[in-house]
Amino acid sequence: MDKTTPIYDESIEKQLNALIIRLDEKPHIKTNPVEASSYMGFTLADTEKGFLKYIKENLYDKFHAYIDSYKNDCINAYAIKTNFIPVIKRLLSQYEEAEHSLYQSQTRNEWGQYFNEPLVSDAEHNLKKKAYQFFYKASAVQIFFLDKLEEDMNEYLAELESAIPKPEPEYFFTVLPEYSKQRHNILYDIYKNLKAEGYIDCTEEALKKVFTTKEPKPIQWLQSQRSLTYLIKQLTGRFLVEKNKPSNYYIADRYFHIYTKGKFIHPAKIRHDKDPSPEVKEFLDKVIDDAISAYM
């Protein structure tokens, strides 16, 4: 076989994926003893740390070493472009989608609720609660590795694509052309409602500049990151042009500084992973709907 066209071996990837890309939707609950409860074949007695250790030592480290080896087998630029980079992009997309799916899982959210539930007199119920907490922690291990793999894939892409000339990213929002004439009125309407409910701390002009000028000065967002990204999500495609590299979420992070109790909070991830509460969604939807319908 020609060394310049190596074949990617999926076997190690499949072994790793079997444990991290989806929830165990039917974990085993035991109450006698509860330590026999299992998730992905790993028991509560093993703990989530044992689950993490097994994945790292038996699967993740081997997969990382294989990817490095596969990259080295792609010995020329053509093989890197046609073989290695497409594999890495597929893996990145796969792990991003899997992480998003786990965060959005209703089952996982239900497991997480058991951390806030008080102990009750029913001993068996308390044991089941302990099992559900283990399932949630085990799913957090899966998310940990998915996030780490995304970082790995992005590092490979950054290393290999750095030599390819790219246009300068646009670090500013763009209002859809059909709203160009009424954009100031629409933004004023959005501003007054967000300001009244304590979502922003800025002047009307400062908010307008965030959406209508290049490199505006940042303003303060006084609510959660989820509420901010939901606002951007709802504005994108309806009032704002959808952008990539950077995305509108990245642009929002640049010009909306999130403050909690007077302290600047920088989010760990710059994207929309989960919606805010139904009440916040209803409010933000109404803010956008009212502003656009009033002037269009």
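So Pro6 fits all but one of (1) surrounded by 18 or more Cβ atoms within 10 Å (Cβ to Cβ); (2) touching an Asp or Glu at 6+ places or on another chain (Cβ under 7 Å); (3) under 13 Å from Leu149 (Cα atoms); what number is the exception?
Only one criterion is unmet by Pro6, namely (3).
Would you please name the residue that is farthest from Lys195 (Cα to Cα), looking only at residues in segment 275-296 that are under 19 Å from the mean Cα position of the chain (by Cα) and surrounded by 13 or more Cβ atoms within 10 Å (Cβ to Cβ)? Walk me through how you get there before you give the answer.
At the first step, the residues of segment 275-296 found to be under 19 Å from the mean Cα position of the chain (by Cα) are 275-277, 281.
Remaining after also requiring surrounded by 13 or more Cβ atoms within 10 Å (Cβ to Cβ): 275-276, 281.
Numbers: Asp275: 21, Pro276: 18, Lys281: 16 Å.
Checking each candidate, the answer is Asp275.
Looking at segment 42-88, which of the residues that are among the basic types (Lys, Arg) and within 18 Å of Ile20 (Cβ to Cβ) is surrounded by the fewest Cβ atoms within 10 Å (Cβ to Cβ)? Full working, then the answer.
So in segment 42-88, the residues among the basic types (Lys, Arg) come out as 49, 53, 56, 62, 71, 81.
If we keep only those that are within 18 Å of Ile20 (Cβ to Cβ) as well, we get 49, 53, 56, 62.
Numbers: Lys49: 10, Lys53: 13, Lys56: 16, Lys62: 14.
Among residues in segment 42-88 that are among the basic types (Lys, Arg) and within 18 Å of Ile20 (Cβ to Cβ), the one surrounded by the fewest Cβ atoms within 10 Å (Cβ to Cβ) is Lys49.
For every residue, the table says whether it meets (1) within 17 Å of Ile232 (Cα to Cα); (2) touching a Leu at 6+ places or on another chain (Cβ under 9 Å); (3) at pLDDT 90 or above.
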position: Ser121; (1), (2), (3): no, no, no
position: Phe134; (1), (2), (3): no, yes, yes
position: Asn154; (1), (2), (3): no, yes, yes
position: Glu161; (1), (2), (3): no, no, no
position: Gln182; (1), (2), (3): no, no, yes
position: Leu207; (1), (2), (3): yes, yes, yes
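Please pick out the residue among Asn58, Asn116 that is within 26 Å of Pro6 (Cα to Cα), of a type in the set (S, T, N, Q) and in the same structural domain as Ile21 (by TED's automatic domain parsing). Spell out the reasoning first.
Numbers: Asn116 fails: within 26 Å of Pro6 (Cα to Cα).
One residue alone meets the criteria, Asn58.
Name the helices (runs of 4 or more DSSP H) wholly inside segment 195-287 in which the number of residues that are free of Cβ contacts under 8 Å to residues at least 40 places away in the same chain and out of contact with any strand residue (DSSP E or B) (no Cβ under 7 Å at 6 or more places or on another chain) is 2 or more.
Working: elements: 204-212, 225-235, 248-255.
Correct list: 204-212, 248-255.
What helices (runs of 4 or more DSSP H) completely inside segment 43-109 contain at least 1 residues that are in contact with a Ser or Thr (Cβ under 8 Å, 6 or more places away or on another chain)? Break it down stepwise before answering.
Details: elements: 47-55, 61-73, 85-104.
Per the criteria, 85-104.
How do the pairs read when you match residues in segment 124-151 that are touching a residue at least 24 places away in the same chain (Cβ under 8 Å) and within 23 Å of Asn17 (Cα to Cα) with residues anywhere that are part of a helix (DSSP H, G or I) and of a type in the set (S, T, N, Q), using Cβ under 8 Å and keeping only pairs 6 or more apart or on different chains?
Once the first residue is touching a residue at least 24 places away in the same chain (Cβ under 8 Å) and within 23 Å of Asn17 (Cα to Cα) and sits in segment 124-151, its partners that are part of a helix (DSSP H, G or I) and of a type in the set (S, T, N, Q) give Phe134/Thr47.
Determine whether Lys233 is at positive phi and assigned by TED's automatic domain parsing to the domain that holds Tyr199. Talk me through it step by step, then tell me what you get.
Details: at positive phi: no; assigned by TED's automatic domain parsing to the domain that holds Tyr199: yes.
Judged against the criteria, Lys233 is not a match.
Listed here are the residues, each with its yes/no results for (1) in the same structural domain as Phe144 (by TED's automatic domain parsing); (2) under 27 Å from the mean Cα position of the chain (by Cα); (3) closer than 20 Å to Asp61 by Cβ; (4) surrounded by 19 or more Cβ atoms within 10 Å (Cβ to Cβ).
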residue	(1), (2), (3), (4)
Ala18	yes, yes, yes, no
Arg22	yes, yes, no, no
Lys26	yes, yes, no, no
Ile29	yes, no, no, no
Pro33	yes, no, no, no
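Could you tell me whether any residue of segment 258-281 is among the aromatic types (Phe, Trp, Tyr) and either modelled with pLDDT of 95 or more or in the same structural domain as Asp147 (by TED's automatic domain parsing) (or both)?
We begin by selecting, within segment 258-281, every residue among the aromatic types (Phe, Trp, Tyr); these are 259, 264.
Narrowing the set further to residues that are either modelled with pLDDT of 95 or more or in the same structural domain as Asp147 (by TED's automatic domain parsing) (or both) leaves none.
No, because not a single residue in segment 258-281 is among the aromatic types (Phe, Trp, Tyr) and either modelled with pLDDT of 95 or more or in the same structural domain as Asp147 (by TED's automatic domain parsing) (or both).
Has segment 120-142 got at least one residue that is closer than 30 Å to Thr31 by Cα and of a type in the set (Asp, Glu)? It would help to see each step written out before you state the result.
If we filter segment 120-142 for residues that are closer than 30 Å to Thr31 by Cα, which is where we start, we get 120-142.
So of that shortlist, the ones also of a type in the set (Asp, Glu) come out as 122, 124.
Scanning segment 120-142 turns up at least one residue that is closer than 30 Å to Thr31 by Cα and of a type in the set (Asp, Glu).
The values are calculated or read from the model by the stated rules, or taken from the named source; none is laboratory data. Model, not experiment: these values are computed from the prediction. Because the Cβ atoms are built from the backbone with ideal geometry, glycine has one as well, and the counts that use them run over all protein chains shown.
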